[in-house]
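Values in this text are rule-based calculations from the coordinates and carry no lab data. A quick note: this is a predicted structure, and the numbers were derived from the prediction, not measured. Glycine gets a Cβ as well: all are built from the backbone with ideal geometry, and neighbour counts include every protein chain shown.
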2 protein chains.
Amino acid sequence: MLGPKGGMNWKATKAQLPPARAIWVFLTRTRFLLCVALAGVVVLLWRGISTSAQEMQRYYCWGPSKPPMQMTLNEQADWNAHLQTPVIFNHHEPVVVNSTTIKSVDLNPIRSTTKAIANKERILILTPLRDAASYLPKYFDLLSLLSYPHDLIDLAFLVGDSSDDTLAVLAAELDRIQDGKETEAFNSALIVQKDFGAVSGQTVEERHAYAAQAPRRKIMARARNYLLSAALKPEHSWVYWRDADIVDSPEKIIEDFIAHDRDIIVPNVWFHRYRDGVDIEGRFDYNSWIESDKALKLASKLDKDTVIVEGYKEFDTGRTYMALMGNWRENKDEEVKLDGIGGVNIIVKADVHRSGINFPAYAFENQAETEGFAKMAKRAGYEVIGLPNYVVWHMDTEEKPGNNV
Amino acid sequence: MLGPKGGMNWKATKAQLPPARAIWVFLTRTRFLLCVALAGVVVLLWRGISTSAQEMQRYYCWGPSKPPMQMTLNEQADWNAHLQTPVIFNHHEPVVVNSTTIKSVDLNPIRSTTKAIANKERILILTPLRDAASYLPKYFDLLSLLSYPHDLIDLAFLVGDSSDDTLAVLAAELDRIQDGKETEAFNSALIVQKDFGAVSGQTVEERHAYAAQAPRRKIMARARNYLLSAALKPEHSWVYWRDADIVDSPEKIIEDFIAHDRDIIVPNVWFHRYRDGVDIEGRFDYNSWIESDKALKLASKLDKDTVIVEGYKEFDTGRTYMALMGNWRENKDEEVKLDGIGGVNIIVKADVHRSGINFPAYAFENQAETEGFAKMAKRAGYEVIGLPNYVVWHMDTEEKPGNNV
């Protein structure tokens, strides 16, 4: 029995309900059916409106007002970016190097252009020295007049095999020039000390003897290469080789040479000598020359280890010497192509040296040092240019001790 | 009038004096004369004694007990040094350089000897890299095993023309090796970045084509020279060229090679390849050779700008290849003289490079790069030695991308 005890039973309940007929009549009345229909419409409308509103809110905030299935891939990506934590599979996470023992240099941006000053291109001036104490004050006087910005210039010297006070005078002159009082200081200066063992004495006769020439040129070449190796830094765009015994040169020489945009370029080198009060304008540098068939034929017959030295009866080369050409009163920018060059004054694009072109301390195609340098550069495809009318004045050396030659 | 007014005058004074005669008698008395004589003797004696004493004091304190006129020159100098302010005319006063922009290096004490470790000689390990990311972990594993003291070793790399993550992997591996946790850190590491522009593609066929060889070797030579120029410092005694794709080499290789005391020395380079489970011990490096008359005759007919490349039908050189000689089971110290060398593994005395011997990026006696390096070194009088029984194992490259070749 489910009902309360002794209480309601089916019969009693049935007696209390309205008669089934009355309910039927009520449910089928038109007014009731209309109410139901109206309520249904209201509910359906409400549901429709509220769903749209929800969707609009959802999609307007985080993306286009479209359901995901209608979105483009880009829209989906936009939308997802706001809905979930982004996961980026980065196979190129930066490597952070913290060790101070690891350095990096990028040589790719180093250029040698005609807009050197604007591009702040750095210049390295290299000078080998041997028993050159007496020339250094003049050397630094001329150097301090150079118009190329001094803070873009580094100086480097090789001091070797000197019996005089070259090192002390150099240090004193550098200290004077670098204190910035008289002249704008240079960016830096480096002194490299290295003795190679002098081959011969330094008297005029000994220096001029033919037998002494090749060993002397080879030692000079080694000295230049040691200096280059120690001083050339990744930041340099140009290398300017300048001997200590120049007595006069234009202040704008660096800019003038850079403007030519050549791999290797040299001026003409002359000297003043007064006879009866007249300047004979002596020609100094017979190492800058244009190759001749005669010399090539001569070289082909020589042993590969023989070095041809200009100006000796042993070798009649028939070459064309730039020293005998030109005139400083004429167009300074006139160029000639050279096959051998002297070392008094050379401006080189640093990448020529970095590519391995240097001063042979051996017989390179029967030439050594600066002449071998020109031969090597030409073999490697670089241009070697001389300016016959652009004159740098060397001291009138009756072979007094001077450069490391 | 000098006297006081109305006071004393000569007459009054005279009257007060004793009579002249009385004075005379007193002065000529024997007793008085004796007293005077005695006093004179005493004074003279005293003066003599005191002068001697003074002299003695003077000369005993500051010099020999002699008067100046009897001194030797040295004794006078000693004596004068104490008597007066010394004046030294020093024409060699030290030059004190205070500018921080002036640096000095002395290359004279840099030596390359067989007592390298005892002398703390510094070694520079140079590795050119191109698309070498996959080889670097192995490379550094081998490097960290080197028994030469790591604090005497500097590392330098040239990364260029790479399409893979060589730079990133290199940086990560260096950071790992330099933190000093797994292995003893090296003294320093330098990464040089420089692109030369790849000449050819890197497929086996393209790399092997004859026409591509000479330009490839020239670019490789430039890369080596750029790396050398940027990395070689004045303190280095030895330069060790080591390619990235070595898979096995002795831990004592540096010590072993240094013990030979040669200017330039290379091992034999072989590779492991297994056929039917047997190691055929392949021969890798055909760039290490002894020159032949046939090749010299061939070269004399070639244009000076032509580069001979080994292993092509274009050039039948008839040279003797070290790769085909030797056996790693026999005496490792056996030497042969070579005329051309490969670049996988070279140990060079640093002064050879400083003297200007590098990797020709042009036709040097019809050779380029490492073979030209050997030719150049021999021309300059250096010795080039190979160890046919000392084997370094290269990876078995069916010309997969590897070094900057």
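Residues A:GLU310, A:GLU371, arranged from fewest to most other Cβ atoms within 10 angstrom of their Cβ, appear as A:GLU310, A:GLU371.
With a cut-off of 8 Å between alpha carbons and a minimum separation of six or more residues, what is the relative contact order of chain B in percent? It would help to have the intermediate numbers written out before the result.
Working: 635 pairs, mean separation 75.5, N = 405.
Normalised by residue count, the contact order of chain B is 19 percent.
For A:PRO67, inter-copy separations between label points set 7 Å beyond Cα along the Cβ vector come to 13.7 nm, shortest first. The magnitude of the dipole of region B:114-392, with charges of +1 and -1 set on the Cβ of Lys/Arg and Asp/Glu and taken from the Cα centre, is near 820 debye. Here chain A is treated as a Stokes sphere of Kirkwood radius computed over C-alpha pairs; at 20 °C and 1.002 mPa s its diffusion coefficient rounds to 77 µm²/s. Take A:GLU330, push a point 7 Å out from Cα through the beta-carbon direction, and compare it with the same point in every other copy: 6.8 nm, smallest first. To the nearest ten degrees, helix A:73-83 and the longest principal axis of the Cα atoms of chain A are 80 degrees apart.
With the charge dipole of region A:114-392 set up from +1 on Lys and Arg Cβ and -1 on Asp and Glu Cβ about the Cα centre, the Cα lying farthest toward the positive end among the listed residues A:GLY180, A:TYR390, A:MET322 is that of A:MET322. Between A:THR306 and B:ASP396, the modelled label-to-label distance comes to 5.4 nm, taking each label 7 Å out from Cα in the direction of the beta carbon. Taking the 0 to 90 degree range and rounding to the nearest ten, how far is the long axis of helix A:30-62 tilted relative to the main principal axis of chain A, both from C-alpha atoms? Between the helix axis and the principal axis of chain A, the angle is about 10 degrees. Rounded to the nearest 20 debye, the dipole magnitude of the protein assembly as shown is 3820 debye, with +1 charges on Lys and Arg beta carbons, -1 on Asp and Glu beta carbons, and the Cα centre as origin.
Other residues with beta-carbon under 10 Å from the beta-carbon of B:ALA156 carry, at +1 per Lys or Arg and -1 per Asp or Glu, a net charge of +1. Against chain A, whose longest principal axis is taken from its Cα atoms, helix A:136-145 shows a tilt of about 40°.
Can you work out D for the protein assembly as shown in µm² s⁻¹ from Stokes-Einstein, where Rh is the Kirkwood radius over C-alpha pairs, the temperature is 37 °C and the viscosity is 0.692 mPa s? Please report the intermediate quantities before stating the final value.
Values: Rh = 34.2 Å.
After rounding, the answer is 96 µm²/s.
With a Förster radius of 51 Å applied to the beta-carbon distance between A:PHE89 and A:GLU314, the computed FRET efficiency rounds to 0.10. The distance separating the Cα centre of region A:339-400 from that of region A:138-191 comes to 23 Å.
Positive-end ranking of B:ALA244, B:SER288, B:LEU298 along the dipole of region B:114-392, with charges on Cβ about the Cα centre, is headed by B:LEU298. Over the protein assembly as shown, DSSP H runs of length four or greater, each weighted -39,500 (n - 2.57), average out per residue to a 222 nm ellipticity of -10500 deg cm²/dmol. Among beta bridges identified by DSSP and lying wholly in region A:114-392, the antiparallel ones come to about 40 percent. Inter-copy label distances for B:ASP195: 5.0 nm (label point placed 7 Å from Cα along Cα→Cβ; shortest first).
Panel order for B:SER65, B:SER104, A:SER288, by other beta carbons found within 10 Å of each beta carbon, from fewest to most: B:SER65, B:SER104, A:SER288.
Give me the extension gain from B:ASP279 to B:VAL42: residue separation times 0.36 nm, minus the current Cα-Cα distance, reported in nm with one decimal.
Numbers: separation 237, 0.36 × 237 = 85.32 nm, distance 11.99 nm.
The B:ASP279-B:VAL42 span can extend by a further 73.3 nm.
Here the simple spin-label model places points 7 Å from the Cα toward Cβ, and for A:ASN80 and A:GLU330 these points are separated by 7.7 nm.
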